[in-house]
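Please read the structure below before turning to the comments.
The values are calculated or read from the model by the stated rules, or taken from the named source; none is laboratory data. Every value quoted in this text rests on a predicted model; they were computed, and no experiment measured them. A quick note on method: Cβ atoms are made from the backbone with ideal geometry, for glycine too, and the neighbour counts reach across all protein chains shown.
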Amino acid sequence: MTTPIKILIVDDEQLLRLGFRMIFEAQSDLDVVGEAGDGTEAVRLTGQTRPDVVLMDIRMPGTTGIEATEQIASKYPHTRVLVLTTFDLDEYAFAALRAGASGFLLKNAEPAQLLAAIRTVAAGDAVVAPRVTRKLLERFAGQLPAGPENTGQDPRLLLLTGREREVLIELARGLSNAEIAQRMYLSESTVKTHVGRILPKLGLRDRAQAVVFAYETRLVRPD
């Protein structure tokens, strides 16, 4: 029997938490291990319950969802954070990805979308399509760090082969594995293998983080 996906629900509105719990508890492969009403409690409960996925509201009093996401991503790297936001291309979604979230979802998403997102994140993939991540980064590029240490010379890039670096650049431009394969005259399985090697070499959790990394190091620049 497959081990259920453990979920921590974080939202300052009790009725919303109850609604999410009802949706999740109706699924045999999901297990709600706790609820938190603010970011501080979210970090504490993550350490206590070690969930697979934290469903995180962004805008909360006190410790915000972004601050909590950053702490969780740093302290508990095996826990994935899926943030809830009002607009998919706003500064909160951008900040959440930079803080280490594996994706974001609109608060008015259908239950089926929410369930699919939870399962996707738990499986180790990112919910946000690379193209959306790229749009976010281009819109808020002025907030990315600048300086000599962010000029494509991050020492982690030296760990990549030439081909892996090429794949990372195409990934950061928002291309899917199939599109990268077509552009680079490779098989899709070969591209998937390259991506599977790139992420651990760079210490990144998923494709969304890889896009953020490529822009922050100026390996790829906004058009």
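Would you check if Ala109 is part of a loop (DSSP other than H, G, I, E, B), within 25 Å of Lys192 (Cβ to Cβ) and not hydroxyl-bearing (Ser, Thr, Tyr)? Outline the logic, then answer.
Working: part of a loop (DSSP other than H, G, I, E, B): yes; within 25 Å of Lys192 (Cβ to Cβ): no; not hydroxyl-bearing (Ser, Thr, Tyr): yes.
Against the criterion (part of a loop (DSSP other than H, G, I, E, B), within 25 Å of Lys192 (Cβ to Cβ) and not hydroxyl-bearing (Ser, Thr, Tyr)), Ala109 does not qualify.
Hey, among Pro51, Pro77, which residue is under 16 Å from the mean Cα position of the chain (by Cα) and either under 20 Å from Leu115 (Cα atoms) or modelled with pLDDT of 95 or more (or both)? First the steps, then the outcome.
Numbers: Pro77 fails: either under 20 Å from Leu115 (Cα atoms) or modelled with pLDDT of 95 or more (or both).
Answer to the check: Pro51.
So how many residues does the range 105-128 have that are crowded, with 17+ Cβ neighbours inside 10 Å, more than 14 Å from Val54 (Cβ to Cβ) and free of Cβ contacts under 8 Å to residues at least 60 places away in the same chain?
Residues flagged as crowded, with 17+ Cβ neighbours inside 10 Å, more than 14 Å from Val54 (Cβ to Cβ) and free of Cβ contacts under 8 Å to residues at least 60 places away in the same chain within the range 105-128 amount to 1.
Please give the number of the condition Met22 fails out of (1) at pLDDT 95 or above; (2) buried (at least 17 other Cβ atoms within 10 Å of the Cβ); (3) hydrophobic (A, V, I, L, M, F, W, C).
For Met22, the exception is condition (2).
Being in contact (Cβ under 8 Å) with a residue 60 or more places away in the chain, assigned by TED's automatic domain parsing to the domain that holds Glu91 and under 19 Å from Asn108 (Cα atoms) narrows it down to one of Ile23, Ile58, so name that one.
Working: Ile58 fails: in contact (Cβ under 8 Å) with a residue 60 or more places away in the chain.
The unique qualifying residue is Ile23.
Let me spell it out: the conditions are (1) of a type outside the set (A, V, I, L, M, F, W, C); (2) in contact with a Lys or Arg (Cβ under 6 Å, 6 or more places away or on another chain); (3) surrounded by fewer than 21 Cβ atoms within 10 Å (Cβ to Cβ), and Asp11 meets all of them except one. Which number is the exception?
Among (1) of a type outside the set (A, V, I, L, M, F, W, C); (2) in contact with a Lys or Arg (Cβ under 6 Å, 6 or more places away or on another chain); (3) surrounded by fewer than 21 Cβ atoms within 10 Å (Cβ to Cβ), the lone unmet condition for Asp11 is (3).
I'd like to check something: does the range 85-93 contain any residue that is of a type in the set (Asp, Glu), surrounded by fewer than 22 Cβ atoms within 10 Å (Cβ to Cβ) and assigned to a loop (DSSP other than H, G, I, E, B)?
Yes: the range 85-93 contains one or more residues that are of a type in the set (Asp, Glu), surrounded by fewer than 22 Cβ atoms within 10 Å (Cβ to Cβ) and assigned to a loop (DSSP other than H, G, I, E, B).
Can Arg205 be described as on the phi < 0 side of the Ramachandran plot, at pLDDT below 85 and not assigned by TED's automatic domain parsing to the domain that holds Phe104?
Taking the combined requirement at face value, the residue satisfies it.
Look through the range 74-84, keep the residues that are outside any loop (DSSP other than H, G, I, E, B) and in contact (Cβ under 8 Å) with a residue 60 or more places away in the chain, and return whichever of them is farthest from Asp52 (Cα to Cα).
Only one residue fits best here, namely Leu84.
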